1. Charges only on Cβ, +1 for Lys and Arg, -1 for Asp and Glu: so what's the dipole of the range 67-130 about the Cα centre, in debye to the nearest 20?
2. Which length gain, in nm to one decimal place, applies between I406 and A134 when the Cα-Cα distance is subtracted from 0.36 nm times their residue separation?
3. Excluding ligands, DNA and RNA, what is the solvent-accessible area per residue of the range 70-285 at a probe of 1.4 Å, expressed in Å²?
4. Probe radius 1.4 Å, ligands and nucleic acids ignored: give me the carbon and sulfur share of the accessible area of the chain as a rounded percent.
5. Select from E135, E284, E98 the residue whose mean-square fluctuation is largest in a Gaussian network model of the chain (Cα-Cα springs shorter than 10 Å).
6. How many lysine pairs are close in the chain, with Cα atoms under 21 Å apart and the two 8 or more places apart or on different chains?
7. For a quick check, take a GNM of the chain with Cα springs below 10 Å and name the residue from G329, G291, G164 with the largest mean-square fluctuation.
8. Considering amide H positions built from the backbone, and no H for Pro or chain starts, which residues 5 or more places from F38, or on another chain, come under 5 Å of its amide H?
Amino acid sequence: MKPLGPIPHGFNDKDGILSIGSKDVRELVREAGGTPLFVYSRQMVADRVALLRRALPERVHVHYAIKANPFPALLQAMSELVDGFDVASGGELQKLLELGVAAGRISFAGPGKRDAELAAALAAGATLNLESEAEAERALRLAGELGVTARMAIRVNPDFDLKGSGMKMGGGAKPFGLDAERVPALARRIAAAGAEWRGFHIFAGSQAISADAIIEAQARTLALAARLASESGLALPHLNLGGGFGIPYFPGDAPLDVMAVGAALAERMADLPPELAQTEFCVELGRYLVGEAGVYLTTVIDRKVSHGEVFLVCDGGMHHQLAASGNFGTVVRRNYPVAIATRFGAPVEEEASVVGCLCTPLDRLADKGGFPRAEPGDLVAVFCAGAYGATASPMQFLGQGPAREIMV
Ligand SMILES: *Cc1c(COP(=O)(O)O)cnc(C)c1O
């Protein structure tokens, strides 16, 4: 039997049925019209933001990186919970603007921004986190044509990475950001062109559950920002410290000690170099805010035995849960937290693999886990499904189409 990942706190067992808030999952499935279904808990997201705010110094604002989950009801809830939003495409920008989020709260990073996307951000008044000199020149030209003042920050490719990070996005040659030594010249160019200079965006990696790794990356980020500000000869209005706060997905993972991260940051904030004395700060987080607040529910369609192994074949699969299937940025496949939601808390009776309805061996949501005996009609819950689920999976693969999504 292979271990399963840890089920996040905040879910309840109501007479043997998984419940989210006050509702059991069978009711939620009925209300939504069926499975496969993503359920996101507003309360759990609010609790997570509250925990983060208790941990972080007040001076550090919280931004939500919407690529983790852009479900409209979630964005709406977030707009009341966080200070700002980070988008990485014109489509994401549009979603926020349609919800009435003020553009002054939005920054736009990401490589390969097209002219139409730059123009939309400039016209709205969002901050551009510039990824290259060429992008800066295009944006300055477009701002001139539109007759608006560009709000510009530079995304820095840091000369270090976030240790223990699931996805490294800094350190060495990268398509993201501008190499540190080229930053001061571009900052001066932006200021000289009459744009509104906003500062730096330094993102060193994702999915770290080690507080020490995040503390170290933040210290290096502050030092790098101070050095680059000094070399640029410009005040630094804003510094996006990146994020990288991870969540426990796999057996043996422990939650990030966010209190330790906040305490270390508070110490540094109390003793900032002069270049950062007037700077506003933010962290930009995705999965840490929403990942554990989402569950993916799928119905067992068939129960079969092959060469003595039990397979629970479900109506969902990797087309909604690429990450849980082990095919999204993981090297060694390990099990996510998965449970039989309609026999929640019941003792383990057998070893079974939970597979999806796609005709590919990649479509496996749990490999040889220990479960109570499940039958067709039972619901399976895949936890940690609030981030990089619905929108980071190949939903059209094999003609399957999207899952339902609800927020409760
Ligand atoms: C993906 C991404 C994030 C969010 O990452 P999480 O691991 O979900 O917190 C934040 N900032 C940038 C620049 C990103 O590319």
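The values are calculated or read from the model by the stated rules, or taken from the named source; none is laboratory data. As the structure is a computational prediction, the values presented were derived from the model and not from experiment. Here the Cβ positions follow ideal geometry from the backbone for every residue, glycine too, while neighbour counts run over all protein chains shown. For the accessible areas, the whole protein counts, side chains as well, though only heavy atoms, and no ligand, DNA or RNA atoms are used. Shrake-Rupley method; radii C 1.70, N 1.55, O 1.52, S 1.80 Å.
1. Values: 5 positive and 7 negative charges, 24 e Å.
Magnitude of the dipole: close to 120 debye.
2. Details: separation 272, 0.36 × 272 = 97.92 nm, distance 4.11 nm.
Going from the current span to full extension adds 93.8 nm.
3. Details: 8230 Å² over 216 residues.
Each residue of the range 70-285 exposes 38 Å² on average to a 1.4 Å probe.
4. Numbers: 8610 of 16170 Å².
On the chain, the fraction of accessible area on carbon and sulfur atoms equals 53 percent.
5. Of E135, E284, E98, the most mobile in the Gaussian network model is E98.
6. 11
7. G329
8. L297, R404, E405, I406
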